Amino acid sequence: MKTITKYILMAVLIGLLVLIRFFENDLFYDPYLEFFKNDYLYMDNPRQEVFKLTLSTTLRYVLNTLISLGILFVAFKDWSVVKFSTLLYGVAYVVLIALFLYFVLSPKQSQYYLFFNIRRFLIQPIGLLLLLPAFYYQRLKR
């Protein structure tokens, strides 16, 4: 892959992540977006449709994951990196969505901060921010 093509693909993929974030209110159902923008530690949990919220959060996670996997492939051109990352994203999803549903179904004000961070891992491409430098470091050590 030529260097210019690599940079263009990388820019397009990062642009897609930015667009997901920019249009999050229009694309996804998430009553917690406004809830966590305010002083949530002193507010009651917002009303939500659990199935719709779970489906929307899953869709956002899948979109972010697919784009992140694309970025990892463009960056390293190594299918083993993509396969390992896919496994990691899959395991992370199962664990995080279970915790997410626990907090949605039994909200406690004392656990809002933990819920906020669990939700953040599901709706933002934090996995990419962890994996990209990790694989880069591994490549340097080889």
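What follows is calculated from the coordinates using simple rules that are stated; it is not laboratory data. Quick caveat, the model's predicted, so the values are computed rather than measured. Neighbour counts are summed over all protein chains in view; Cβ atoms, including those assigned to glycine, are modelled from backbone coordinates with ideal geometry.
Applying the condition of being part of a helix (DSSP H, G or I) and in contact with a Ser or Thr (Cβ under 7 Å, 6 or more places away or on another chain) to region 101-129 and asking which residue is farthest from residue 17 (Cα to Cα) yields 101. For region 76-113, taking the residues that are aromatic (Phe, Trp, Tyr) and within 27 Å of residue 5 (Cα to Cα), the one that is surrounded by the fewest Cβ atoms within 10 Å (Cβ to Cβ) is identified as 79.
Pairs are defined by a Cβ separation below 9 Å, a sequence spacing of at least 6 or placement on different chains, a first member in region 74-89 that is within 18 Å of residue 14 (Cα to Cα), and a second member that is not in a helix (DSSP H, G or I); the pairs so defined are 74/1; 77/1.
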